[in-house]
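The next block holds one structure in the form of structure tokens; read it before the comments.
Quick note: the coordinates plus some simple rules give every number you see, no bench work behind them. Since the structure is predicted, the reported quantities are computational estimates derived from the model, not experimental observations. Here the Cβ positions follow ideal geometry from the backbone for every residue, glycine too, while neighbour counts run over all protein chains shown.
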Amino acid sequence: MSEKSMTIIATKGTLDWAYPPFILSSTAAALGYNVTMFFTFYGLQLLKKDLNLSVSPLGNPGMPMKMPFGPSWFKGINWNIPNLLQAGVPGFETVATSLMKKTIKNKGVASISELRDLCLEADVEMIGCQMTMDLFDMKRPELIDDISVGGAATYMERAGESDINLFI
Amino acid sequence: MSEKSMTIIATKGTLDWAYPPFILSSTAAALGYNVTMFFTFYGLQLLKKDLNLSVSPLGNPGMPMKMPFGPSWFKGINWNIPNLLQAGVPGFETVATSLMKKTIKNKGVASISELRDLCLEADVEMIGCQMTMDLFDMKRPELIDDISVGGAATYMERAGESDINLFI
Amino acid sequence: MSEKSMTIIATKGTLDWAYPPFILSSTAAALGYNVTMFFTFYGLQLLKKDLNLSVSPLGNPGMPMKMPFGPSWFKGINWNIPNLLQAGVPGFETVATSLMKKTIKNKGVASISELRDLCLEADVEMIGCQMTMDLFDMKRPELIDDISVGGAATYMERAGESDINLFI
């Protein structure tokens, strides 16, 4: 093969961790790589027609929570919100998700749905994991059309011949 | 080398994240790959004789929580249980773990212990991380017999010659 | 290229997950590898001059919490502290972080800051992700001097020619 190729296993189903696989895949495709994405475990959520991803700061003290609005002194504060408050306020994850979405939009970063479309337009191959579909009772019509369904052996075929293989 | 080879660094010690390293390793071995697994950090738990893995939905809004029993309308609901409830009910993780184990069994998916045996029978090399054992005060007899103990340099030797290298 | 090379994408910003990228990079560099580290998402925290990393046991039942002090029968207990307590006690993460730091120090393991210096002395290339800096409003002076700033395309250039590529 003269062309370079990359595979990515996407295993996470939250708003923040949805970015790395789609950003790396669209970048690689733009640079001429053959790219295969294998969606398994919680990552299968990223193939849903009805994308409804959330983010949780619970248990992730590495997440900087800055307000995307308000005066600059207010936005500059690092909101280290105690876990009790996070766990106790119903809908805290909804607030955190909405804050992250606003930040992303304000900064001009594409949405996950847009990045996914970009990858499909660039002929990135997307494979949904059959075993995960069985395990989580997900039906084929819940997932977008332009993908195939396969197993770990299908993934191995691509990865064994690829220059870059990442597990995300 | 004419044979293909793969290395996996297994770093997570929860029931859900125990699956990807063992599924990928057993699949690769079945396809004729030479496979080396390096268990480090929380992943060292996966080498214990007494496997006692849990799963936590806390901080992972990407985890679909469906009931594996009950009438179909009941099972179909997506149980977005608030974090307060999850954090507040003692033993919630026990319930979540038990639910996941039931689902796995009902779906005919092998247990981690079975997959680990399968890998060993297929001559997958398993290495426990010495530094992690020192850090967490884990003694050699707590771990299964058919493994060796080594460090990052041992891992690098294998990875530098492998076709696929994954960090899980 | 006759020399071996490795790239690592470091995406996590907690005290525990800061170790794998720096340990693997310093080991590889000591073995003569050309190493490139790309810091993105929460991993950008690892490039801050003012390193202030925490660890959270919330949602990670795989983390063994053993006390690094006290009589041996006390230290031997596996502290499965309920999530409510963890979430409810203000500063629980501070306690967990302090416990882990003490354990690390008692075991003679280097601090993250020391490992980072070791990598820089061994000519490990470190690249901070421009997009993440924009997204999280991080300014160049907050990060250490001996790094460059780049994007996913810069990473792809290195990864496409490397023997080992890991996403951590």
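Residue-wise test of (1) touching a strand residue (DSSP E or B) at 6+ places or on another chain (Cβ under 8 Å); (2) within 8 Å of another protein chain (Cβ to nearest Cβ); (3) among the hydrophobic types (A, V, I, L, M, F, W, C).
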site: C:L99; (1), (2), (3): no, no, yes
site: C:K105; (1), (2), (3): no, no, no
site: C:S113; (1), (2), (3): no, no, no
site: C:E125; (1), (2), (3): yes, no, no
site: C:D137; (1), (2), (3): no, yes, no
site: C:P141; (1), (2), (3): no, no, no
site: C:G160; (1), (2), (3): yes, yes, no
site: C:F167; (1), (2), (3): yes, yes, yes
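Within segment A:132-146, residues that are basic (K, R) reach partners that are part of a helix (DSSP H, G or I) with beta carbons closer than 8 Å, at six or more positions or on different chains, in the pairs A:K139/A:M133; A:R140/A:M133. Residue count for segment A:143-153, restricted to those that are within 14 Å of chain B (Cβ to nearest Cβ) and exposed (fewer than 15 other Cβ atoms within 10 Å of the Cβ): 1. Annotation: of all residues in segment C:13-54 being more than 22 Å from B:M156 (Cα to Cα) and among the charged types (D, E, K, R), the one that is surrounded by the most Cβ atoms within 10 Å (Cβ to Cβ) is C:K48.
Cβ-Cβ contacts under 6 Å between residues 6 or more apart (or on different chains), taken from a first residue in segment C:96-108 that is in contact (Cβ under 8 Å) with a residue 12 or more places away in the chain to a second residue that is hydroxyl-bearing (S, T, Y) and not in a helix (DSSP H, G or I), are listed as C:T97/C:S54. Restricting attention to segment C:125-142 and to residues that are part of a loop (DSSP other than H, G, I, E, B) and in contact with a Lys or Arg (Cβ under 9 Å, 6 or more places away or on another chain), the residue that is nearest to C:A30 (Cα to Cα) turns out to be C:M138.
Taking segment B:143-163 as the range and being farther than 21 Å from B:L46 by Cα and either among the acidic types (D, E) or part of a strand (DSSP E or B) (or both) as the test, the residues that pass are B:E157, B:E161, B:D163.
Look at A:R158 and say whether it is under 30 Å from B:S25 (Cβ atoms) and surrounded by 15 or more Cβ atoms within 10 Å (Cβ to Cβ).
Values: under 30 Å from B:S25 (Cβ atoms): yes; surrounded by 15 or more Cβ atoms within 10 Å (Cβ to Cβ): yes.
Yes, satisfied.
For segment B:109-123, taking the residues that are over 15 Å from the mean Cα position of the chain (by Cα) and in contact (Cβ under 8 Å) with a residue 24 or more places away in the chain, the one that is surrounded by the most Cβ atoms within 10 Å (Cβ to Cβ) is identified as B:A122.
Being touching a Ser or Thr at 6+ places or on another chain (Cβ under 7 Å) and of a type outside the set (G, A, S) holds for only one residue in C:L135, C:L120, C:L143, C:L166, and it is C:L135. Applying a threshold of 8 Å to beta carbon distances and a minimum spacing of six or more residues, or different chains, the list of pairs starting in segment A:30-42 at a residue that is at positive phi and in contact (Cβ under 8 Å) with a residue 40 or more places away in the chain and ending at one that is in a loop (DSSP other than H, G, I, E, B) and of a type in the set (S, T, N, Q) reads A:F41/A:T11.
In summary, C:M156 fulfils each of the numbered conditions (1) away from chain A (no Cβ under 14 Å); (2) of a type in the set (A, V, I, L, M, F, W, C); (3) farther than 22 Å from C:L53 by Cβ with the single exception of condition (1).
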